[in-house]
Amino acid sequence: MDQIKEPIICVENLTAAYEETVVFDNISFDVCKGEVFVILGGSGCGKSTLMKQMIGLYKPASGKILIDGQDIVSAEGSERLKILAKIGVMYQSGALFGSLTLFENVRLPLEEFTDLNSSAMDLIVQMKLKLVGLKGFENHMPSELSGGMQKRAAIARAMALDPQIIFLDEPSAGLDPITSAELDQLILNLARNLKITFVIVTHELPSIYAVADRVIMLDKRARKIVAEGKPAELRDQSDNEWVRQFFNRKVSSNIP
Amino acid sequence: MTANTTTLSTGTNEQGNVTITIVGRLDSASTSSIWQKAMDALEEASSKSVVVDTAGVDYCDGTGIGLLVELTLRQRKAGGELEITGLRTEFQRLMDMFDPAEFEKTQIEKPYKARLPEEVGRAAFTIWDNIRSQITFLGELIVALVSAVGNPRRVRWKDAFLIAETGGVNALPIIALISFLIGLIMAFQAAIPMRQFGAEIFVADLIALSTLRELGPLMTAIVMAGRTSAAFAAELGTMKVNEEIDAMSTMGLDPVRFLVVTRVLAILIMMPLLTIFANLLGIIGGSVVLLSLGYPLVTYVDRIIISASYGDLLGGLVKSLAFGLIVAGIGCSRGLQTKTGASAVGVSTTKAVVSGFILIIITDGIFSVVYFYLGI
C-alpha cells in the first residue's frame with residue numbers, strides 16, 4: 001500500500017476504568033484509511049472495552065476518540081448518529097435479529113437510513129450477501145445458519161450502508177480453519193477494493209498474519225500499548241519478550 | 001458544479017447511441033436521489049444500445065455499483081445492450097465483483113398465504129401437539145415430584161427457598177393490594193342495593209364466603225400466573241436459548257428435577273400462605289365499608305364467624321394448591337419448550353400466561369362442581 005496514510009480514527013489519551021480498576025491508562029494511536037488494524041492482547045487486557053469505546057457504547061474515563069475528525073465521546077443526538085453512520089460493527093456472535101430473515105436483517109438499515117426505492121434496496125441487499133458468499137440464503141432465519149454464516153451475515157449487515165470503517169469483534173473465533181481463511185480473504189478483499197478501514201479484535205495468529213497491516217498490543221499489567229507495528233516484525237524483532245512469546249505462541253516462563 | 005451534487009443527464013453520442021452521463025459522487029445518499037431518474041432515463045431511451053458515461057464519477061461505493069448493476073439488468077431484460085464507460089479502475093474492480101447475470105433470477109420469498117383448510121389443519125395439529133406435550137410434561141413432573149417426596153434430601157432446598165422468596169414473598173404487596181381493593185369494591189357495590197332492604201350487615205356474609213371460597217385463591221393465582229409463571233417461562237426460556245438446559249442434560253442433571261421441581265415445590269409452599277393473606281386483606285377491605293356505614297367492627301367479625309366455616313377456608317386453600325401447581329408447572333413447561341431466538345422467549349412467556357389463565361379458570365370450575373357434590 002503506497003498511498004498517502006491518512007488517519008481516519010485518532011485515539012488520544014484514552015483511559016478506561018471500571019469503578020476503581022484502571023483497565024488501560026492514557027493510550028493514543030491512529031488508524032489510517034483503508035488499513036486493516038488489529039487490536040491484540042491477553043485475556044482481560046481491555047481489548048473489548050477499547051473497541052466498545054471506539055464505537056461509542058462505553059464512555060471512557062477520559063480522552064478523545066476522533067472518527068473522521070469528529071469526537072464520538074462528546075457527540076450527542078444527530079451529530080452522534082452522523083458518526084455512527086460512518087461505522088459498521090460485527091459483534092462476536094453475530095447479533096443478527098432472530099425474528100427477521102437474513103434478507104430482512106441486511107435490509108433493515110437501508111430501510112431506516114436511505115431513501116432508496118424497494119427494488120433498489122432488494123438489489124443492494126443481494127449484492128451485500130453475494131459479497132460475503134451468502135447468496136441463496138436470503139430467506140433463511142439466522143437460527144438456521146451455522147456460526148460462520150451468521151458471522152458473515154453480520155458483516156453483510158454492517159456493510160449495508162457502505163460505512164468507511166468496520167469493527168469486527170473476534171471474527172474468526174469458533175470458526176473452522178477453512179471458513180476462517182475465507183473470512184480473512186473477504187476482509188482483505190473489502191479493504192483493498194472498497195478502501196474500507198477494518199478495526200479487528202482477535203486472538204487468531206494465522207489470521208493476524210494474513211490480514212493485519214498494523215497491530216497494537218495491550219498489556220494487562222502495564223495498562224498500556226506495549227507494541228505497535230507489523231505482526232511479522234513484532235514477532236521477529238520486538239524487544240519485549242512477552243510480545244515475542246505472544247506471536248510465537250510460547251508458554252510464558254514466569255507464570256505466577 | 002460542486003463536488004457534493006450528483007447529476008444525471010442524457011444525450012446522444014456520435015454513433016447515435018443514447019448516453020446517460022453521471023457526474024459526481026455515487027454514495028448511498030446521492031445514489032438514492034438519482035436512482036429513479038436513472039431508471040426513467042433508461043426507459044425513455046428505449047434504445048437497443050445505451051452507453052453509461054461514468055468518467056465524471058469521483059466516488060462510488062456499493063450502492064453506486066448497485067445502480068450500475070440495476071441499469072444493466074433492466075436494459076438486458078428489455079433485450080438491449082448497455083455499456084459502462086469511463087469507470088475508474090478502482091471502481092471497475094468493485095464492479096467486476098458482481099456479475100449482473102447472477103442477480104437476474106433471484107426471487108425473494110413473499111409471505112406464504114395459507115388456505116382455510118390448511119390453516120384449520122395446522123391449528124388442530126398445534127393444539128393436539130400442545131396437549132400431548134403438556135401431558136408428557138405432567139408425567140415427567142409427577143415422576144420427579146414423587147421421587148422428590150421419597151427422597152427429600154435430593155431436592156435443592158436452597159434454590160427452592162430462594163425461589164419461594166423471589167416468586168412468592170415478593171408477590172405479597174401486589175396480592176395484598178389487589179385483594180384489599182377487591183374486598184372493598186365488592187362490599188361497596190353490594191352495600192348500595194342491600195341498603196334498600198336494610199340488609200347491609202349481610203355484606204359481611206357475602207365478603208366472607210366469596211373471598212374464602214373463590215376470590216382469595218383465584219386472585220392470588222391470577223397474580224401469580226401473570227407475575228411468577230411469566231418469570232419462570234422467561235428464565236427457563238432464556239436458559240434454553242443459551243444452551244444452559246442442554247449443558248445441564250449432558251452433565252447428567254435432569255432439568256425437570258433440577259429446575260422444575262424446585263420451582264413447583266416453592267410455589268406449592270407459598271400459594272396457601274399467600275392465599276391466607278389475600279383472604280385476610282379481602283375481609284379487611286370489606287370491613288372498611290361496613291365501618292363507614294356505622295357498624296361496629298365486632299358485629300362484622302361476628303357475622304363472618306357465623307357465616308363462614310373452616311370448611312370454606314380449607315376448600316379455598318386446597319384449591320390454591322392446585323392453582324400453584326398450574327402456575328409453576330405451566331411456567332416451567334413453556335420455558336422448557338422454548339425454541340431458538342429472542343422472540344421465542346417472548347412467545348413462551350405469552351403462552352405461559354395465557355394457558356395459565358385458561359387452566360386456572362377451568363380448574364376453578366371443576367372444583368366448584370366437586371365441592372357442590374361433596375357438600376363443602
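Give me a single rounded figure for B:26-37: the average over its residues of other chain Cβ atoms within 10 Å of their Cβ.
Taking all residues of B:26-37 together, the mean is 4.
Could you give log10 I(q)/I(0) at q = 0.33 Å⁻¹ for segment B:119-158, computed by the Debye formula over C-alpha point scatterers of equal weight, without solvent?
Those come out to -0.96, one per q.
When you count, for each residue, the other Cβ atoms within 10 Å and take the mean per peptide, how do A:73-80, A:230-237 rank with the highest first?
Highest to lowest by the protection proxy: A:230-237, A:73-80.
Quote the convex hull volume per residue of the protein assembly as shown, based on C-alpha atoms, as a whole number of Å³.
Each residue corresponds to 266 Å³ of Cα convex hull volume.
Sorted from largest down, give the three principal axis spans of the alpha carbons of segment B:191-230, whole angstrom values.
Here the Cα extents, ordered largest to smallest, are 45, 16, 8 Å.
If you take every DSSP beta bridge whose two residues both sit in segment B:7-103, what share of them, in percent to the nearest 5, is antiparallel?
30 percent
With 10 Å bins from zero, work out the P(r) of segment B:117-374 over every alpha carbon pair and list the percent per bin.
7, 27, 30, 19, 11, 5, 1
Once you average over the residues of B:90-99, how many Cβ atoms of partner chains fall within 10 Å of each Cβ?
3
How many percent of DSSP beta bridges within chain A run antiparallel, rounded to 5?
In chain A, approximately 55 percent of DSSP beta bridges are antiparallel ones.
Over the protein assembly as shown, what is the percentage of antiparallel beta bridges among all DSSP beta bridges, to the nearest 5?
If I count the DSSP bridges inside the protein assembly as shown, around 45 percent turn out antiparallel.
Step by step: find N for segment A:89-189, compute 2.2 N^0.38 Å, then divide the Cα radius of gyration by it. What's the final number?
Compared with the compact-globule rule of thumb, segment A:89-189 sits at 1.00.
Using C-alpha positions alone, give me the convex hull volume of segment A:56-135 per residue in cubic angstrom.
Convex hull volume per residue, Cα atoms: 135 Å³.
Calculate the mean, over all residues of peptide B:62-71, of how many other protein chain Cβ atoms lie within 10 angstrom of the residue's Cβ.
What the average comes to for B:62-71 is 5.
Give me, ordered by chain and number, the residues 5 or more places off A:Ala17 or on other chains with an amide H under 5 Å from its own placed amide H.
When sequence neighbours closer than 5 places are left aside, the close amide H contacts are A:Val23, A:Ala61.
If packing is taken as the mean number of other Cβ atoms within 10 Å per residue, what is the order of B:112-121, B:263-272, highest first?
B:263-272, B:112-121
Within 10 Å, count the other beta carbons around each residue, average over each peptide in B:147-159, A:114-126, B:224-236, and list them highest first.
The packing order, highest mean first, is B:224-236, A:114-126, B:147-159.
No lab work stands behind these numbers, since they all come straight from the coordinates. All values derive from a computational prediction rather than experimental measurement. Virtual Cβ from ideal backbone geometry, glycine too; neighbours counted across all protein chains shown.
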